[in-house]
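Note sheet for the following structure.
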Amino acid sequence: VPITYSAPDPDLRLVDVDRVEVLRGPQGTLYGSGSIGGIVRVVTAKPDPTAFGAQATVEASAIQHGAQGTGVDATLNIPLLDGRAAIRGSAYRDERPGYIDNTRLGLKDVNYGQRSGGRVAAIVDLGDGWGLQGGLAHQSINTRDSQYAQGRNGPLTRDARVREPHDNDFTEMSGSVSHAGEVANLRVSAAFIDHSLQTRYDATGAFGGTGPAAFDEDRSVDLSVAEAVLTSSGEGRLAWLLGAFASQTNEIDKAKLSELAGGPARSVYRRRDNLSEGALYGEAAYDINKRFTVTVGGRLFATRVSSESDDFDL
């Protein structure tokens, strides 16, 4: 599942992760997202139907010229249906200590932030090589102010008239059905991602006066993905993969400018972007001997992008 499109990194905490793969170079013949520069693939730990398990982590931190931070996460794995199913869940929360002072407002450690979230996944063995898998993940990041120094009052200080908080909320739902066969393995999956971001900027002076003003930006990204992949099974010299991929992304960006001492808020812009993607892709690899492998792959894809914007008060 591609995590994001044209949006900031959700900065997911790597809790209960099995491995992280770094795949360099074009990956369009192996993955539906068709990354040209490469892929960073985060593989979470799968539910284990064979054993009960639990673990927890507690952490503490301190930052120079700042405050203290804490963190905690916990994971629980429960087998079900006599080893034919399992559910696995993780929850976490951490605090990021601030280290920048706002000398104008008389506030210390203004860039404090916190992150909380969780993930739950389940698998079911249906027999005859068929299986189901589903999952849900959510995370929220809330930062009270910008991490940028500003003004002439020394390092790690700000003299902004308005605080600049940032909220980053990420939700992902996914499900798949798979079948392991003697000749080929099939996996059909679908996912939906909702990514919401709100940011405030100091816009003092934007109305020509000296009173505090704010520029508020609101971004919402919805991403739907479906993919079917057929891969060879067995251990022969020839390995192959065939895939079909489709995605739909809707992004809404809007912003307003407000005088905080009074007066109506003014819409700066409202923009909607729509991205539709579809692809057929595949790859075959043949081991000539232990040292040499010949690989050939291809990708046929179509992309459609549309944008519209309106609602200008300025």
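The values are calculated or read from the model by the stated rules, or taken from the named source; none is laboratory data. The structure presented is a predicted model; accordingly, all values stated were derived computationally and were not measured. Here the Cβ positions follow ideal geometry from the backbone for every residue, glycine too, while neighbour counts run over all protein chains shown. When the accessible area is computed, the model is the full protein with side chains, heavy atoms only, and any ligands, DNA or RNA have been set aside. Shrake-Rupley method; radii C 1.70, N 1.55, O 1.52, S 1.80 Å.
Please specify each residue of segment 128-184 satisfying the condition of being out of contact with any Ser or Thr (no Cβ under 9 Å at 6 or more places or on another chain), over 30 Å from LEU107 (Cα atoms) and crowded, with 20+ Cβ neighbours inside 10 Å. Matches in segment 128-184: GLU172 only.
Give the residues of segment 159-204 that are hydroxyl-bearing (Ser, Thr, Tyr), part of a strand (DSSP E or B) and more than 30 Å from VAL124 (Cβ to Cβ), sorted by residue number. Reasoning before the result, please.
Going through segment 159-204, the residues hydroxyl-bearing (Ser, Thr, Tyr) turn out to be 171, 174, 176, 178, 189, 196, 199, 201, 204.
Next, only the ones that are part of a strand (DSSP E or B) stay: 171, 174, 176, 178, 189, 196, 199, 201.
Result: SER196, THR199, TYR201.
Of the strands (runs of 3 or more DSSP E) lying entirely inside segment 1-67, those containing at least 1 residues that are open to solvent by 90 Å² or more (accessible area, probe 1.4 Å) and within 26 Å of ALA226 (Cβ to Cβ) span 17-24, 38-44.
Yes/no per residue for (1) acidic (Asp, Glu); (2) surrounded by fewer than 21 Cβ atoms within 10 Å (Cβ to Cβ); (3) without any contact (Cβ under 8 Å) to a residue 12 or more places away in the chain; (4) not in a strand (DSSP E or B):
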position: ILE78; (1), (2), (3), (4): no, yes, no, no
position: ALA86; (1), (2), (3), (4): no, no, no, no
position: ALA91; (1), (2), (3), (4): no, yes, no, no
position: GLU95; (1), (2), (3), (4): yes, yes, no, no
position: LEU105; (1), (2), (3), (4): no, yes, no, yes
position: VAL110; (1), (2), (3), (4): no, no, no, yes
position: GLY117; (1), (2), (3), (4): no, no, no, no
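Given the structure, is ALA122 within 26 Å of GLY175 (Cβ to Cβ), open to solvent by less than 30 Å² (accessible area, probe 1.4 Å) and either assigned to a strand (DSSP E or B) or free of Cβ contacts under 8 Å to residues at least 24 places away in the same chain (or both)? The answer is no for ALA122.
So if I check each of GLY236, GLY282, GLY243, which one is in contact with an Asp or Glu (Cβ under 9 Å, 6 or more places away or on another chain) and within 21 Å of GLY25 (Cα to Cα)?
On the way: GLY236 fails: within 21 Å of GLY25 (Cα to Cα); GLY282 fails: in contact with an Asp or Glu (Cβ under 9 Å, 6 or more places away or on another chain).
Unique residue meeting the criteria: GLY243.
Among the numbered criteria (1) of a type outside the set (Gly, Ala, Ser); (2) in contact (Cβ under 8 Å) with a residue 40 or more places away in the chain; (3) over 30 Å from VAL110 (Cβ atoms), which single criterion is violated by ARG13? Only one criterion in (1) of a type outside the set (Gly, Ala, Ser); (2) in contact (Cβ under 8 Å) with a residue 40 or more places away in the chain; (3) over 30 Å from VAL110 (Cβ atoms) is unmet by ARG13, namely (3).
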